[in-house]
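Have a look at the structure below before the remarks.
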Amino acid sequence: MASEVMESTLIVTGFVVAGDNHRLRLLTCAHGLDHLFKRSHPISFSTANKLIATTVCCDHLEHQYRQGGLIGERPYSNASIIAIDCAHDLMLVDVVIDNLRDMHGAICHNSHRSVRLAREVMGDKISKCLLLSWPPQKHRKRTEGHTSTMRRVTEISEPNLNEYNMDLVEVNMGVESGSSGGPLFNGAGEVLGLLHAGGIFDDTDSSYFVRVHHLHNFVAPYV
């Protein structure tokens, strides 16, 4: 499931990596807060929650809202940041399912399935992939591309003011604002990476995704 996560006035994409009948854990990017941290001076999740209000728009409720003709207020639900990795541009958000309500107050009873993170090391093999994201007003946007190569973040970000320290998957695809944090799927429906950036470092349609081994290490204590 993809979700639109709003960090203050910045919109990013998030997706479910764990959950039960009561709550969901959404993985997204942290760089909506990058004016507040760098790797040598990280921000804690408790401080982040004091500084910003995080809200989530459920994929199912957005679909329902659109079928209803976009009438009334879009149904956002309060959420909390529970972990931030300032070195790898990752953030985990917790939302109580009972808070996922439509404009009439009805709870979303749809299944909020967790994605499956890929295990294999991709190397430099070129393969087809798909980004699922949620730019503003573009629900369930799907963008196809091909993996290109592996890069260090310092190869594509100079100066690296936030001191990011991660491996990236370079993909031949353009992305839109609001897609950051979106999952990159392989042909087996597994997540290869999380969108870190695209289209701002060069004149090509290349985008860069945090490699899946960083995702595994980050979410392991929470799933």
Amide H contacts under 5 Å for ALA30, restricted to residues at least 5 apart in sequence or on another chain and with H modeled in the peptide plane, are LEU90, MET91
Three-way shape label, the stretch 116-221, alpha-carbon gyration tensor, a/c 1.5
rounded
Rounded to whole Hz and in sequence order, give me ³J(HN,Hα) for the stretch 183-194 from the Karplus expression 6.51 cos²θ - 1.76 cosθ + 1.60, θ = phi - 60°, writing x for Gly and Pro.
x, 9, 9, 8, x, 8, x, 9, 7, 8, x, 10
Calculate one ³J(HN,Hα) per residue across the stretch 45-51 by plugging θ = phi - 60° into the Karplus curve 6.51 cos²θ - 1.76 cosθ + 1.60, and present them in order as whole Hz with x for glycine and proline.
5, 5, 5, 4, 5, 6, 8
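Please state the shape class of the stretch 1-142: rounded when a/c is under 1.5, otherwise prolate if a/b exceeds b/c and oblate if not, all from the C-alpha gyration tensor.
Details: a/c = 1.72, a/b = 1.22, b/c = 1.41.
Here the stretch 1-142 falls in the oblate category.
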Set Lys and Arg Cβ to +1 and Asp and Glu Cβ to -1, take the dipole of the stretch 116-221 about its Cα centre, and tell me which of LEU168, GLN137, SER127 lies farthest positive.
GLN137
Whole-Hz ³J(HN,Hα) from phi, Karplus 6.51 cos²θ - 1.76 cosθ + 1.60, for the stretch 54-65, glycine and proline x
9, 10, 10, 10, 5, 4, 5, 5, 5, 4, 4, 4
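Values quoted throughout were computed directly from the atomic coordinates according to the rules given, and no laboratory measurement underlies them. What you are looking at is a predicted structure, and each value in this text was computed from that prediction instead of being measured. FYI the Cβ positions are ideal-geometry reconstructions off the backbone, even for glycines, and counts take in every protein chain you see.
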